[in-house]
1. Please label the shape of the stretch 26-138 as rounded, prolate or oblate, based on the square roots a ≥ b ≥ c of the eigenvalues of the alpha-carbon gyration tensor (a/c under 1.5 means rounded; beyond that, a/b larger than b/c means prolate, else oblate).
2. Where a ≥ b ≥ c are the square roots of the eigenvalues of the C-alpha gyration tensor, would you call the stretch 62-103 rounded, which needs a/c under 1.5, or, failing that, prolate if a/b is larger than b/c, or oblate?
3. With a cut-off of 15 Å, note down the residues of the stretch 158-172 whose backbone N falls inside the zone around a label point 7 Å from the Cα of Asn133 toward its beta carbon.
4. By how many nm would the segment from Arg110 to Ser94 lengthen if fully extended, with 0.36 nm per residue of separation less the alpha-carbon distance?
5. Just how much of Phe188 is accessible, in Å², when a 1.4 Å probe is used and the result is rounded to the nearest 10?
6. Could you state the accessible area per residue of the stretch 130-191 in Å², with a 1.4 Å probe and every protein chain left in place?
7. So how much accessible area does Tyr21 have, in Å² to the nearest 10, using a 1.4 Å probe?
8. Which whole-number percent is the relative contact order of the chain (Cα, under 8 Å, 6+ apart)?
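The values are calculated or read from the model by the stated rules, or taken from the named source; none is laboratory data. The structure presented is a predicted model; accordingly, all values stated were derived computationally and were not measured. Glycine gets a Cβ as well: all are built from the backbone with ideal geometry, and neighbour counts include every protein chain shown. Ligands, DNA and RNA are excluded from the accessible area calculation, which covers all protein heavy atoms including side chains. Shrake-Rupley method; radii C 1.70, N 1.55, O 1.52, S 1.80 Å.
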Amino acid sequence: MGWRKNRNKNMIDRNFVLNLYQKSGDINEYVMSLYNMPVQIGAKNIWEIGSGVSTFALVAAANKTGGHVTSIDLGGWNTLDRVSNGEEIMKNESNFTMVTGDSLTVPQDRKNKIDFLFLDSGHTYQLTLDELNRWYPLVRKRGIIALHDTAHEAGEQLQCRQAFNEWYKLHEDEYTVVHLLDSKIIGFSVMIKI
């Protein structure tokens, strides 16, 4: 497992995210929401499980709020190359830490509550359930947990939807949820801790 915090000048901003929105991909319809939600709640402590295009939107938000993004992914820096020169760009961001490791075993920062948590990793039933159970206690009151791939109607990705629905039934008194649907019927769910 590797941790790397950067100390350089921040480059990514809202305009960078707008350019990502115009490209094709399974997350692109949500990148502006991934930027706007942390900005709207003034998120300082932003965590992401499963990095990629979404990471750039979250870092742009952190640059706006003066916050910091910690991203956990087994693939580490390589996952950022879904954006041209992604790894190089992110290594210059001072508000970003990449953790190469397993979301179920990396050490957690239990002193600082999470303002915004984004889950978009393996999409299997058990992994989705385990990540929700491990990470949700660390989200602050009125904090947000956002999940991608929660509206799939068939295939392996359906497991993410099933796990989310089951988990939410057990925690619906702790969160209010909004489900978003995109043109590809992939889905995005936003839970606000009450």
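1. Numbers: a/c = 1.40, a/b = 1.14, b/c = 1.23.
Rounded is the answer for the stretch 26-138, as its axis ratio a/c remains below 1.5.
2. On the way: a/c = 2.51, a/b = 1.23, b/c = 2.04.
The shape class here is oblate.
3. So the set is 163-171.
4. On the way: separation 16, 0.36 × 16 = 5.76 nm, distance 2.20 nm.
Answer, rounded to one decimal: 3.6 nm.
5. Accessible surface of Phe188 is approximately 0 Å².
6. Numbers: 2980 Å² over 62 residues.
Result: 48 Å² per residue.
7. 120
8. Numbers: 394 pairs, mean separation 39.6, N = 194.
Relative contact order for the chain comes out at 20 percent.
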